[in-house]
1. Answer with yes or no whether Leu84 is touching a residue at least 40 places away in the same chain (Cβ under 8 Å) and under 30 Å from Gly9 (Cα atoms).
2. For Gly44, are the conditions met, namely being at positive phi and surrounded by 12 or more Cβ atoms within 10 Å (Cβ to Cβ)?
3. Of everything in the range 53-95 that's among the polar types (S, T, N, Q) and closer than 16 Å to Lys137 by Cβ, which residue is modelled with the lowest pLDDT?
4. For the range 68-88, which positions are assigned to a helix (DSSP H, G or I) and loosely packed, with under 13 Cβ neighbours inside 10 Å?
5. I need a count of the residues in the range 91-132 that are part of a helix (DSSP H, G or I), surrounded by 14 or more Cβ atoms within 10 Å (Cβ to Cβ) and in contact (Cβ under 8 Å) with a residue 24 or more places away in the chain.
6. Check Met45 against each of (1) of a type outside the set (Gly, Ala, Ser); (2) part of a helix (DSSP H, G or I); (3) assigned by TED's automatic domain parsing to the domain that holds Glu10; (4) under 30 Å from Ser6 (Cα atoms) and name the one condition it does not meet.
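The values are calculated or read from the model by the stated rules, or taken from the named source; none is laboratory data. These numbers were taken from a predicted model, which means no experiment stands behind them. Reconstructed Cβ throughout: ideal geometry from the backbone, glycine too, with neighbour counts over all protein chains shown.
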Amino acid sequence: MSLKQSVEGEIKKAMLAKNKDRLRALRSIKSLILLEESKGSEKGMTEEEEIKLLSKAAKQRKDSLEVYLQQNRQDLAEVEQDELDIINEFLPKQLSEEELEAALKEIIAEVGAEGPKDMGKVMGVATKKLAGKADGKLISQKVKGLLA
């Protein structure tokens, strides 16, 4: 089932349950999907594109959440956290630090990286393989640490 179909199903459930907060978050996800589809091809979006879209939306929510918390705006922070939680329901399970490190060691061996100068090669492969499964900043930090 595509992301769009599963979001639409969840929207129906939220409407029946009269859950306004969940409905708002799901509608924002659907809006992103429709906007992206209007730019793209007739076939719809691939799973990879869907994950990329949701990851971007989740990152925006995290950034907003941090700003609201710094400014002591708990009311707005709660809204962003709720939306982030709902977006995360549709994203693949995030890798733990141990799993991420193991995957990166495997990629480093596969690419044949030997030091910090090979970081670009490793990051190129890692960001494609681990898209949606780990945050880009965290991947970058781990690769730096492993190649140092």
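1. Numbers: touching a residue at least 40 places away in the same chain (Cβ under 8 Å): no; under 30 Å from Gly9 (Cα atoms): yes.
Against the criterion (touching a residue at least 40 places away in the same chain (Cβ under 8 Å) and under 30 Å from Gly9 (Cα atoms)), Leu84 does not qualify.
2. Numbers: at positive phi: yes; surrounded by 12 or more Cβ atoms within 10 Å (Cβ to Cβ): yes.
In short, yes.
3. Going through the range 53-95, the residues among the polar types (S, T, N, Q) turn out to be 55, 60, 64, 70-72, 74, 81, 88, 94.
Checking which are closer than 16 Å to Lys137 by Cβ leaves us with 55, 60, 94.
Details: Ser55: 85, Gln60: 92, Gln94: 82.
The selected residue is Gln94.
4. Kept after step one, since they are assigned to a helix (DSSP H, G or I), are these residues of the range 68-88: 68-70, 74-88.
Gln70, Gln74, Asp75, listed by residue number.
5. 9
6. (2)
Residue-by-condition table, conditions (1) under 23 Å from Leu26 (Cβ atoms); (2) under 21 Å from the mean Cα position of the chain (by Cα); (3) not assigned by TED's automatic domain parsing to the domain that holds Ile33:
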position: Lys56; (1), (2), (3): yes, yes, no
position: Lys59; (1), (2), (3): yes, yes, no
position: Val67; (1), (2), (3): no, yes, no
position: Glu78; (1), (2), (3): yes, yes, no
position: Ile86; (1), (2), (3): yes, yes, no
position: Gly112; (1), (2), (3): no, no, yes
position: Met119; (1), (2), (3): no, no, yes
position: Lys129; (1), (2), (3): no, yes, yes
